[in-house]
1. Give the residue, chosen from SER187, SER134, SER108, that is among the polar types (S, T, N, Q) and under 23 Å from the mean Cα position of the chain (by Cα).
2. Within segment 1-26, track down each residue that is among the acidic types (Asp, Glu) and exposed (fewer than 15 other Cβ atoms within 10 Å of the Cβ).
3. Which condition from (1) more than 27 Å from GLY82 (Cα to Cα); (2) within 16 Å of the ligand (Cβ to nearest atom); (3) part of a helix (DSSP H, G or I) is the one that TRP206 breaks?
4. Are any of the residues in segment 178-201 in contact with an Asp or Glu (Cβ under 9 Å, 6 or more places away or on another chain), under 22 Å from GLY156 (Cβ atoms) and of a type in the set (Gly, Ala, Ser)?
5. Right, LEU213: within 16 Å of the ligand (Cβ to nearest atom) and surrounded by 15 or more Cβ atoms within 10 Å (Cβ to Cβ) or not?
6. Hey, can you tell me all the residues within segment 176-191 that are part of a loop (DSSP other than H, G, I, E, B) and away from the ligand (no atom under 16 Å from the Cβ)?
7. Within segment 35-48, can one find any residue that is within 22 Å of the chain's Cα centre (by Cα) and assigned by TED's automatic domain parsing to the domain that holds ASN106?
Amino acid sequence: MPELPEVETIVRGLQGPLQGLVIESIELFSTSMLGEVTADDFIAALTDSRIKKIERRGKYILFKLQKGQKSFTLAVHLRMTGNLIYCSKRPMTRPRHTRAVFLFHNESFLFFTDVRKFGSFRILDDNQKTIFLSCLGVEPLSPAFSEQTLQKLIEGKKTSIKAFLLNQKYICGIGNIYADEILYRSSLYPEKPLPKLSKKEIANLWHNIREVLMEGIKAGGTSTRDYRNAAGEKGDYQKHLLVYGKAGQKCRRCCSIIQRIKVAGRGTYYCPGCQPN
Ligand SMILES: [Zn+2]
């Protein structure tokens, strides 16, 4: 599933070519991403709107749109296998698993592809947007996320550190891959309960959350499976993964064998040497 670095890479790739473009028409090959909105209503709402800006919040891509006097937002969540691919002219064939096509007035295209069909599109007016985004926690790469912020978030909570990192209400944007890499770099056992973290461990964790996510962005995201950037290209961070997906392989730091366990219902990779229980 695309996490913060992948979504950030997509947003950066779309912002340049899409900003200022007007949606001329929309073709839908599925309505699974629309929730309760009908295809006709979705198309009517977005057709002739201008893309003012594209932003990321957590794992959401936010298209800020303007139609006449009305401004609103299309919030896209890619879930498991969604991709947004921009083509400056009509390709010979549609990408595989295309669920929606946006055609712009300059005859460029944005394709939404989604193998598993879990992706979602939500149209939000400014009020709905405020409520919608208030459910998300702090942005880990924003100035609002300080060492003290993390300390405060952890205070009084009893869950495991991995469950904490995955909870989008506390810190948004971290998913299964980056959580495992962050915990490995921090030498923390994924099931370690939050009350057992020392101040020094929290400081180290804070540093590694930011460092790992920034490295992920720099590498253009992780393409273990379906993820592609806005140009349809793979990311590079899978080459830098040290524990995720490495069960049975030797740890590069201590030569212990990487293990896979379940934590918070998710397959979790860790090194028993570097991250002792
Ligand atoms: Zn190790």
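The values are calculated or read from the model by the stated rules, or taken from the named source; none is laboratory data. Small disclaimer: the values here were computed from a predicted structure and weren't measured. Note that each Cβ is placed from the backbone with ideal geometry, even for glycine, and that neighbours are counted across all protein chains shown.
1. It is SER134.
2. Within segment 1-26, GLU24 is the sole residue that qualifies.
3. All conditions pass for TRP206, except number (2).
4. Yes: segment 178-201 contains one or more residues that are in contact with an Asp or Glu (Cβ under 9 Å, 6 or more places away or on another chain), under 22 Å from GLY156 (Cβ atoms) and of a type in the set (Gly, Ala, Ser).
5. No; evaluated as a whole, the condition is false for this residue.
6. Residue satisfying the conditions is GLU191 alone.
7. yes
Conditions tested, residue by residue: (1) among the basic types (Lys, Arg); (2) under 23 Å from TYR170 (Cα atoms); (3) crowded, with 19+ Cβ neighbours inside 10 Å.
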| position | (1), (2), (3) |
| --- | --- |
| LYS53 | yes, no, no |
| LEU78 | no, yes, yes |
| TYR86 | no, no, yes |
| ARG90 | yes, no, no |
| ASN127 | no, yes, no |
